[in-house]
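Encoded as structure tokens, the structure appears first; notes follow it.
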Amino acid sequence: MTDLTLLFPTIFLAVWALVLLMYGAFGGSARTTAAFACFGLAMLLVPMLTKPAMGSAFVLGQGALLGFSPFTQLAQVLLLVLAIPVALLAEPFFEGRKAHRAEIYTLMLLSLCGMFILTAAQDFLPMYMGLELMSFPLYIMAAMLRDRAESSEAALKYFVLGGLASGLLLFGVGLVYAATGTTQFASLMVALGQGGMPWPLLSVGLALTVLAVLFKLSVVPFHMWTPDVYQGAPTPVTAFMAALPKLAAIVLLVRLLEGPLSGLQELWQPALAVLAAASMVVGSVVAIRQTDVKRLLAWSTIANVGFVLCGVVAASPQGHGGVLFYLAVYGLTMVGLFAVLIELENLQEPVTVHGLAGLARRRPWLATMLLMLLFSMAGVPPFAGFMAKLNVFAPLVAAGYTWLAVVGVMASVVAAFYSLWLVKTMYFDVPSAEVAVVAKPVQSAQQSPLMLVALAAVAVVLVLGVLPGLLSNLTLPAATALF
Amino acid sequence: MTHLPTILILLPLLGALAGALTYLWPTGAKRRSNIRTLEHSNIRDTIAMATTTGSVVLAAVLAWTVFLSLWLGGGAASHVDWFTWLNAGPWQVTFGALTDKLSATMYVVVATVSACVHVYSIGYMHEDASRRRFFIYLSAFTFAMLMLVSAPNLVQMFLGWEGVGVCSYLLIGFWHHKESANAAAMKAFIVNRVADAAMLVGLFLLLQTFGSLTYGDIFGQLGANTAALMNAVTPLFGYEVSTLSLAALLIFVGAMGKSAQFGLHTWLPDAMEGPTPVSALIHAATMVTAGVFLLCRLSPLYELTPDVLHIVAYVGALTAIFAATVGLTQTDIKRVIAYSTCSQLGYMFFAIGVSAYPAAMFHLTTHAFFKALLFLGAGSVIHAMHHEQNIFRMGGLKTVLPITYVCMWLGSLALAGIPPFAGFFSKDLILESAFMAPGGWAQPVYYVGALAAMLTAIYGFRIVFMAFEGAFMGDEKVRSHAHESPWVILGPMMPLAAGAVLAGLLLSPMGTLEWWQGAIVISHHHDALHAAHHTPAYAKYAPLLLAICGIAAAWYLFAEYRNIPRKLASVLAIPYAISLNKWYVDELYDLAVVRPTRVLAGWLYRFVDQEGIDGLVNGAADATKQAGQALRQTQTGHVAHYAFAMVMALVVGLGLLLWRVMG
Amino acid sequence: MFYSITLTHILTLSSVLLVLGLVGIVLNRRNIIAILMCLELILLSANINLVATSHFRADLAGHIFTFFILTVAAAELAIGLAIVTLFFRNRGDIEIDSADRMRG
């Protein structure tokens, strides 16, 4: 029998999503739905932190459909912790555009439920289901601003390319199944454990499944949807997409690589190293030519995914621990950045690179928070971004991939350029005339959770920068448990 | 009880932070005009002064509690862990507070002097528009200094070390509108950087050797495998050097910078550009003694490296005599005291050099009291004389500033080492230890020290007599306005005066090894301190006699017959010029280091940087931008192109994979 | 008289279908509906894989998987059509090449 306490968080998310849907359908306002959603997420944290359940659910034959290891457990907690501030971002954004609907919270929770399944999947079936449950709400949320052409264009692009990726995943699963007769990770590991190179059919199948994950991660060359979707989607949804699915997907990737594919390290390690280098370089190089801040952050995401992959390439507990650390810090920084961007959008500031000129004088607090978050992104100590980069590059060097670390450091120099460029624009550039006219006066301090989220992000980024042990003491043991 | 040290360390930080928070206070109308007037910032200044001064005074009370409970209450050394800052596998850095006799003594010195200086500054900085900043810096400095002395490992110590360096920089340059103050601040910072570079290498060497920078770990290993560690060598320029000696020497170089020992002392006299309370706190009583403290803290290490100890002794003796000779001829009252500090620090170092660490710490403590007193007294004079610092424009001030006069007398007597004042006990112990150091190798050091003791008495009383005795030599207008300082300035000098009188007597157990309860370790091979009990009478009393002669000479030359020094100077023109120009060390550095560096830098800037590197860097930046533009154009916006890119990547990737798998 | 059909044949068939679907997506420059059909084609090819393997290996997992895929594909198509509708409302056409406002 399956112990349902293992599945409690996943089931709770699904049920709570449906409750919210019912509540919205029967006339509940979007604002109260938001409160319920955040309340539910916060409540869920309690059992997840106090009673972490480990073990396997739905055991079939050699393996199981879902498995809960410390790595999965920690990833789920981090997802939940990141989801709460993101959920807080939706209200101030959509209210201002008269598009606040209760469904968005249902969709967020369902997507989160998908991520929970994804992070625990021990079989291609739940992996596929989790991936789709994570992605479908994202397609819908991207189109949430129904009367904006960019929003629906973003959704369309995301949908078509996402559908293509999951189609390739399924084809790959079919090939793996044809070659080995199993879809379970555990049996696959046994089948691959015989040693030697896998036969072509199987290797093509496995490559296709990994490709689907890389697509979700927006690794170069499967990244091209990212800038368009990030730019077109409503800003809180962009924050959601930047912070959460990346974490879920990388957890799945690590569990695939260190699980069934651990015998094929000599195949995937160099391949991923090349992709990581490509992502870091392309992401940061293209970012410096962007003018729209959201689009710039999208390219920066691509670069950051490259940095994260460095930790995966290291293939050591330190590396994978660094991956979790990096994504937690990165996700939080992104949420903080987007919170500030939403506030700027609400204040009718232009969210373009040149529009930020002189922001420090107009809105010193917002500019200061942007500055700190951008410094963290650029990897300037004492912010957490520096520790995050250190935590992936150090294991990488230890694993013998010094060249990749060198590429990474060079890419982060380029990445530092655009972060500092934004800072320079905010602090030293003179705004153009129309910006000064359009922007609302300073006094319009709004009652919104945005500043709270941004402040919390800044605080955590600072604290983790000075005391990285608070988080790395959790991520390292969790990653060690993988081996 | 166990958390008292933690509280007392954090108190000044809280005070500084609370003071800094007043900058967030809405300033209302002030924003329109950039001119800050006193009335506008009055309340905020008062709050900042109250929080900083209050917290430091409280810290001083707690420091005495901790110290007395350790000493008289029979308490044991304690160690509190705060948190683990770094956890890099086998290497951990855990912040905390190690409270043994060594750090407790430093708590008392730092917190007491700091409290007096805080109160004093309320009066002294009364007219300064940015005094709030001043108090915040002072408290921040106190916190950093307490961190330095309480650290259970060298990493936390180094953080405190750099922290006091930064605060010192900020306070020297406090009057940043003065060009000379900025230059002095930069000089202090840069000279210390040179020393700190050496020190960092030393720390790395220790880390490499011991795998830890925690005192406990290092000393434990030193005790457990002494022989192996002493034989460990490090390759250096093709030679093999004893690792321990090299590390000890490098750390000593760091200490030389902070404690202004000969060669790296040039910043200290210039640092007198800062406000006088700063000189009293940082450049007399606390920060400059950090080097002495560090070497005492590392006594188990230095005891294993006698060769380095010899160097320490010689450097200390050289500094003592050098600074004493220079002090004889300077005219700026604060500079004289600064050279005196330099010289006294030399005494402490040569005490360490002969393994008399307790004597060094004893002298550190008594020196803190009387030197802070001297500085605050000088400050009182300067305050009364409207920022006149040249002693040749003073004279006859004893009727105008009677209380300051008495304080200066007490301080100078203590400095000159006249019983029963504080300096006598500690300085004597140092000289006796040097005389009796096993093997007699340190006897030259003793003679240098005794000579320096006489010079100390001369220059010490030179300022007293020049400023307070005889006829007034300055501008009559200044004199008519001169007045005794208010009690907020005189008050804080009283505890220090009491210390200058009594500290030697009361704290004399500090001069024994047993008192330190294991915080200091002395190898019995070179226990000069123990042997010092058997000093022959002539060696024991010679320094005292010399000092008395010095005072008498000072009276004769600077109170009675003031025209003699001028004649002497013309007769002894060359020695006088050497002394007046501080042995030409600054000029030497200018010639040997600063100018060549500038020429080289100018050349590098013009030919290598501007033409070579800038060209490369700008080229690389332009290339990156163009690459970005090119890559950007591949992002066409068409889904079909994106899908095509994915499929092509897939085909290529699968092709490579299959080639790898099948080939 | 007939060649006996093996798994290899079916895998070849499904691969052909996959390539058809991919080529359809990449080369189609006009209609979004056609792209949705191509996506379905790819899913179909995967289903064929699974069902055939299931048959030849006498293992039920593939059949079960296929049912899940069919269900999910229906949901996917519903979302896709909804997005296309939205796109049409905003832009007045469903030409895929007109979705290029965001680029660079």
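The values are calculated or read from the model by the stated rules, or taken from the named source; none is laboratory data. The model shown is predicted, which means the values in this text are computed figures rather than measured ones. Note that each Cβ is placed from the backbone with ideal geometry, even for glycine, and that neighbours are counted across all protein chains shown. With ligands, DNA and RNA removed, areas are computed over all heavy atoms of the protein, side chains included. Shrake-Rupley method; radii C 1.70, N 1.55, O 1.52, S 1.80 Å.
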Given (1) out of contact with any Asp or Glu (no Cβ under 9 Å at 6 or more places or on another chain); (2) at the interface with chain A (Cβ under 8 Å from one of its Cβ atoms); (3) β-branched (Val, Ile, Thr), index of the condition C:Thr85 fails: (2)
Any hit, the range A:184-198, residues being surrounded by fewer than 24 Cβ atoms within 10 Å (Cβ to Cβ), within 12 Å of chain C (Cβ to nearest Cβ) and not in a loop (DSSP other than H, G, I, E, B): yes
Yes/no for A:Val204 being open to solvent by 10 Å² or more (accessible area, probe 1.4 Å) and either within 14 Å of chain C (Cβ to nearest Cβ) or within 14 Å of the chain's Cα centre (by Cα) (or both): yes
Residues (in contact with a Phe, Trp or Tyr (Cβ under 8 Å, 6 or more places away or on another chain) and surrounded by fewer than 24 Cβ atoms within 10 Å (Cβ to Cβ)) located in the range A:255-268: A:Leu256, A:Leu257, A:Glu258, A:Gly259, A:Leu261
Every residue from the range C:42-99 that is closer than 18 Å to A:Tyr177 by Cβ and open to solvent by 60 Å² or more (accessible area, probe 1.4 Å): C:Leu44, C:His55, C:Phe56, C:Arg57, C:Ala58, C:Leu60, C:His63, C:Ile64, C:Phe67, C:Phe68, C:Leu70
Test: B:Ile574 is open to solvent by 80 Å² or more (accessible area, probe 1.4 Å), farther than 23 Å from A:Ser279 by Cβ, more than 9 Å from every other protein chain (Cβ to nearest Cβ) and not charged (D, E, K, R): yes
Condition check for A:Val176: facing another protein chain (nearest Cβ under 10 Å), part of a helix (DSSP H, G or I) and open to solvent by less than 20 Å² (accessible area, probe 1.4 Å): yes
Where A:Leu125 falls short, out of the listed (1) facing chain C (nearest Cβ under 8 Å); (2) under 16 Å from the mean Cα position of the chain (by Cα): (2)
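Residues of the range B:67-115 being part of a loop (DSSP other than H, G, I, E, B) and either of a type outside the set (D, E, K, R) or crowded, with 23+ Cβ neighbours inside 10 Å (or both), which ones? Working first, answer last.
Taking the range B:67-115 and keeping what is part of a loop (DSSP other than H, G, I, E, B), we get B:72-77, B:89-90, B:100.
Once the filter is applied, which keeps residues that are part of a loop (DSSP other than H, G, I, E, B) and either of a type outside the set (D, E, K, R) or crowded, with 23+ Cβ neighbours inside 10 Å (or both), the range B:67-115 yields B:Leu72, B:Gly73, B:Gly74, B:Gly75, B:Ala76, B:Ala77, B:Gly89, B:Pro90.
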Filtered residue count, the range A:15-30, keeping only those that are surrounded by 13 or more Cβ atoms within 10 Å (Cβ to Cβ) and free of Cβ contacts under 8 Å to residues at least 40 places away in the same chain: 2
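Condition (residue is more than 27 Å from the chain's Cα centre (by Cα) and open to solvent by less than 20 Å² (accessible area, probe 1.4 Å)) applied to the range B:516-533: is it met by at least one residue?
Yes, the range B:516-533 has at least one match.
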Per-region count, the range A:393-419, residues more than 19 Å from A:Val282 (Cα to Cα) and in a helix (DSSP H, G or I): 6
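Can you confirm whether A:Gly63 is modelled with pLDDT under 90 and either surrounded by fewer than 16 Cβ atoms within 10 Å (Cβ to Cβ) or acidic (Asp, Glu) (or both)?
Values: modelled with pLDDT under 90: yes; either surrounded by fewer than 16 Cβ atoms within 10 Å (Cβ to Cβ) or acidic (Asp, Glu) (or both): no.
So A:Gly63 does not fit the description; no.
So which of B:Thr597, B:Thr535, B:Thr634 is polar (S, T, N, Q) and closer than 30 Å to A:Ser300 by Cβ? I'd like the intermediate steps shown before the answer.
Details: B:Thr597 fails: closer than 30 Å to A:Ser300 by Cβ; B:Thr535 fails: closer than 30 Å to A:Ser300 by Cβ.
Matching residue, one of B:Thr597, B:Thr535, B:Thr634: B:Thr634.
Does the range B:534-568 hold any residues that are of a type in the set (D, E, K, R) and open to solvent by 60 Å² or more (accessible area, probe 1.4 Å), and which are they? Break it down stepwise before answering.
Residues of the range B:534-568 that are of a type in the set (D, E, K, R), as a first pass: B:540, B:560, B:562, B:566-567.
Correct list: B:Lys540, B:Glu560, B:Arg566, B:Lys567.
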Hits in the range A:138-151 - residues which are part of a helix (DSSP H, G or I), within 9 Å of chain C (Cβ to nearest Cβ) and either of a type in the set (A, V, I, L, M) or free of Cβ contacts under 8 Å to residues at least 40 places away in the same chain (or both): A:Tyr139, A:Ile140, A:Ala142, A:Ala149
Test: residue in the range B:127-140 that is open to solvent by 50 Å² or more (accessible area, probe 1.4 Å) and either within 14 Å of the chain's Cα centre (by Cα) or at pLDDT below 90 (or both): yes
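Looking at A:Val210, A:Val220, which is the one that is outside any helix (DSSP H, G or I) and either farther than 23 Å from A:Phe58 by Cβ or in contact with a Lys or Arg (Cβ under 6 Å, 6 or more places away or on another chain) (or both)?
Selected residue: A:Val220, the only one of A:Val210, A:Val220 that is outside any helix (DSSP H, G or I) and either farther than 23 Å from A:Phe58 by Cβ or in contact with a Lys or Arg (Cβ under 6 Å, 6 or more places away or on another chain) (or both).
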Every pair of residues 6+ apart whose Cβ atoms lie under 6 Å, when the first sits in the range B:146-158 and is within 14 Å of B:Gly202 (Cβ to Cβ) while the second is surrounded by 24 or more Cβ atoms within 10 Å (Cβ to Cβ): B:Met157/B:Leu148; B:Met157/B:Ala151
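Per-residue answers, yes or no, for (1) part of a helix (DSSP H, G or I); (2) within 14 Å of chain C (Cβ to nearest Cβ); (3) of a type in the set (Gly, Ala, Ser); (4) open to solvent by less than 80 Å² (accessible area, probe 1.4 Å):
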residue	(1), (2), (3), (4)
B:Ile578	yes, no, no, yes
B:Ala592	yes, no, yes, yes
B:Arg598	yes, no, no, no
B:Gln610	yes, no, no, no
B:Gln626	yes, no, no, no
B:Gly637	no, yes, yes, yes
B:Ala643	yes, yes, yes, yes
B:Leu656	yes, no, no, no
B:Trp659	yes, no, no, no
Identity of the residue in the range A:421-471, within 14 Å of chain B (Cβ to nearest Cβ) and assigned to a helix (DSSP H, G or I), that ends up modelled with the lowest pLDDT: A:Gly469
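Does B:Leu507 meet the test of being open to solvent by less than 70 Å² (accessible area, probe 1.4 Å) and under 21 Å from B:Ala60 (Cα atoms)?
Values: open to solvent by less than 70 Å² (accessible area, probe 1.4 Å): yes; under 21 Å from B:Ala60 (Cα atoms): yes.
Taking the combined requirement at face value, the residue satisfies it.
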Members of the range A:306-325 that are more than 14 Å from every other protein chain (Cβ to nearest Cβ) and open to solvent by 10 Å² or more (accessible area, probe 1.4 Å): A:Ala315
Test: residue in the range A:242-252 that is more than 23 Å from B:Phe644 (Cα to Cα), in contact with a strand residue (DSSP E or B) (Cβ under 7 Å, 6 or more places away or on another chain), touching a residue at least 60 places away in the same chain (Cβ under 8 Å) and open to solvent by 10 Å² or more (accessible area, probe 1.4 Å): no
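So that you can scan it fast, the table gives a plain yes or no per residue for (1) out of contact with any Gly (no Cβ under 7 Å at 6 or more places or on another chain); (2) assigned by TED's automatic domain parsing to the domain that holds A:Gln231; (3) not polar (S, T, N, Q):
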{"site": "A:Leu275", "(1), (2), (3)": "yes, no, yes"}
{"site": "A:Val281", "(1), (2), (3)": "yes, no, yes"}
{"site": "A:Val286", "(1), (2), (3)": "no, no, yes"}
{"site": "A:Gly306", "(1), (2), (3)": "no, no, yes"}
{"site": "A:Leu309", "(1), (2), (3)": "yes, no, yes"}
{"site": "A:Gln318", "(1), (2), (3)": "yes, no, no"}
{"site": "A:Tyr326", "(1), (2), (3)": "no, no, yes"}
{"site": "A:Tyr330", "(1), (2), (3)": "yes, no, yes"}
{"site": "A:Ala339", "(1), (2), (3)": "yes, no, yes"}
Some residue of the range A:111-121 being open to solvent by 10 Å² or more (accessible area, probe 1.4 Å) and at the interface with another protein chain (Cβ under 7 Å from one of its Cβ atoms): no
